[in-house]
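A short worksheet on the structure shown next.
Where a number appears in this text, it was derived from the coordinates with a stated rule and is not lab data. What you see is a predicted model; the values in this text were computed from it and never measured. So basically every Cβ, Gly included, is an ideal-geometry build from the backbone, and we count neighbours across all protein chains shown.
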Number of protein chains: 2
Amino acid sequence: MTISIVGIGLIGGSMAISLKENGFAKKIIGVDASQENLDKAIRRRLIDEKMSLENAIAASDIIIVSIPVNAMLQVLPEILDLVTTQVVMDVGSTKSELLKSIKNHPNRKQFVGTHPMAGTEHSGPEAAIPNLFDNKTTVICDANDSSNEAVELIEKLYNSLNMNVIQMKSYAHDIHTAYVSHISHISSFALALTVLEKEKDEKAILDLASSGFSSTVRLAKSSAEMWVPVFQQNRDNILDVLDEHINSLSKFRTHLIKKDFKKIHELIEQSNKIRRILS
Amino acid sequence: MTISIVGIGLIGGSMAISLKENGFAKKIIGVDASQENLDKAIRRRLIDEKMSLENAIAASDIIIVSIPVNAMLQVLPEILDLVTTQVVMDVGSTKSELLKSIKNHPNRKQFVGTHPMAGTEHSGPEAAIPNLFDNKTTVICDANDSSNEAVELIEKLYNSLNMNVIQMKSYAHDIHTAYVSHISHISSFALALTVLEKEKDEKAILDLASSGFSSTVRLAKSSAEMWVPVFQQNRDNILDVLDEHINSLSKFRTHLIKKDFKKIHELIEQSNKIRRILS
């Protein structure tokens, strides 16, 4: 099978590595707006060949679109205009707006909207790593709007990556990811800002930062190019969760001000229940 | 050398493992208010023997006190009352209140206040692990109030654990740890509360939680028994950082409400500067 990857960054590049390694793809074609990224991807042997979007589509069985979700809104319809029998999938972190925008495209059935729940705080082809998707979950959204054949093919692709595939409506996906992904990023960005703002002694941060701090702010290294469009497209859900999060922090603040440590004890024990869900 | 460890939990137990393994301690004596913990510690071979506090002190060269910081305020003076030539150290996450409370104790010079910046979200003797301290930093506070011999001995102990030792005033320690440790815990507790509060669909959390979410809420599994006393003793510093953190989150909120994504882009790029400090 020949697979084109449009956008050879962390996700696209990591898929390129694994799909070639497991034999699902015979050939990987790279398409990227950045010539520099394409050259890096060739030097790292992430892709076999670079091509223009048109030529890549014509030469492929599957087209994976892994670009920021704002660029996706423009590029995906252009791709769907060009496909004949190919199957197209995206890997974006938001789904509702994208799927609404192509709802009436004549080739809608050849597209499968997906979101593999995997990533790191790094970006670009240099961030691509093997086994990024191993044992993670991927979501297929609004599968009813795709042809059965297209969904089956993409499920096969994800199974070859050793991923667990679940299906979900796009609006439900966007609500759930606001909770379990987008708010974590905002929390990390804000925590990094807080510490950078208040702690002028950078050497102290470097010396004292424990593994706890590092894991809490790790996501603050994530790229604005990727995340701002996600926050833009999922704004309403994120605002809802963000309000609740500020509210949770304010409870700690109020109890601290009142020196009501019994209440803080209760809050912590409540939050410990996350153990039940995340081992 | 014979070392007594008062409080055989995550930190005390992990020290027991490493100090025995590296040969610094010939014998490890365990003291704990919980008979169950002592029995577990013996079954796990974390300690060679259990003793009463009095007998343990009499039999030891070094006494390591690794109990919650509220219990420390009561137990440490009792220990110092009993020492003759022994050196005592603590490993607590807050320092000012403790060191103030024993400032005038006749045996103050035999005590070294320390804080190894290492830990996990787990607690109890079952959480003790090898190499917990490897390549981490430990802080010795107000070293001038300890005898040179005591500080040198404790530095040797930490060096045997492969730790980097730095010295700091206790008030500075408490400010810095509010930034790089305590706020991370409050942020994680609050994030877990937020998600548990809003996301009633626990299966969705389980399915969708990415590694990003897991690393951001990992600390929310931490024990209330340990952390409430830390928040109590470092309340003023934590309130200051917490206010700033709520303020940072509110900036994201305001820009989201106004759909000012250019400003959000700027905030993220500012927060990315944490890369400069944390690799």
Checking B:G92, B:G113, B:G124 against a Gaussian network model of chain B (alpha-carbon springs below 10 Å), the top fluctuating residue turns out to be B:G124
So the angle from the long Cα axis of helix B:69-82 to the longest Cα principal axis of chain B, reported in degrees to the nearest 10, equals 10 degrees
Checking A:S93, A:S188, A:S210 against a Gaussian network model of chain A (alpha-carbon springs below 10 Å), the top fluctuating residue turns out to be A:S210
With the label point 7 Å along the Cα-to-beta-carbon line of B:K203 and a cut-off under 16 Å to each amide N, the hits in segment A:244-279 are A:277
Taking only the Cα positions of segment A:63-109, the convex hull volume per residue in Å³ is 66 Å³
Scoring only Lys, Arg, Asp and Glu (+1, +1, -1, -1) among other residues with Cβ under 9 Å from the Cβ of B:S188 yields +1
Expressed to two decimals, segment B:188-271 has a Cα Rg over Rh, using the Kirkwood radius, of 1.03
Using alpha-carbon coordinates alone, the radius of gyration and Dmax of chain B in Å work out to 20.8, 67
For B:K20, counting only aspartates and glutamates whose alpha-carbon sits under 20 Å away and dropping same-chain residues fewer than eight positions off, the answer is B:D32, B:D39, B:D48, B:E49, B:D61, B:D90, B:E126, B:D134, B:E152, B:E155
Computed over chain B: longest principal axis from alpha-carbon atoms vs helix B:183-198 long axis, angle to nearest 10 degrees, is 50 degrees
Residue by residue through segment A:208-221, the couplings from Karplus 6.51 cos²θ - 1.76 cosθ + 1.60 with θ = phi - 60°, in Hz, x for Gly and Pro, are 9, 3, 8, 5, x, 4, 4, 6, 6, 9, 3, 5, 5, 8
Percent antiparallel among DSSP beta bridges confined to chain B, nearest 5, equals 15 percent
hull vol. (C-alpha, convex hull) per residue for the protein assembly as shown, Å³ -> 148 Å³
In whole angstrom, the spacing between the Cα centers of segment B:223-279 and segment A:211-279 equals 10 Å
Note, segment B:257-265: 3J(HN,Hα) by Karplus (6.51, -1.76, 1.60, θ = phi - 60°), whole Hz, Gly/Pro = x, goes 4, 7, 6, 8, 6, 5, 5, 5, 4
Longest principal axis of chain A (C-alpha) makes with the long axis of helix A:224-233 (C-alpha) an angle, in degrees to the nearest 10, of 90 degrees
Residues meeting the amide H criterion for A:V112 (H placed from the backbone, H to H distance under 5 Å, 5 or more places apart or on another chain) are A:V88, A:M89, A:D90
If one builds a Gaussian network model of chain B from Cα atoms under 10 Å apart, the most fluctuating residue listed among B:L196, B:L256, B:L19 is B:L256
Inter-copy distances for B:G23, label 7 Å out on the Cα-Cβ vector, sorted ascending, nm, one decimal, are 5.2
From the cross-link list A:K263/B:K200; B:K198/B:K251; A:K200/A:K258; A:K262/B:K95; A:K251/B:K198, the entries with a Cα-Cα span beyond 18 Å are A:K263/B:K200; B:K198/B:K251; A:K200/A:K258; A:K262/B:K95
Averaged over all viewing directions, the convex hull of the alpha carbons in segment A:21-129 casts a projected area in nm² of 7.1 nm²
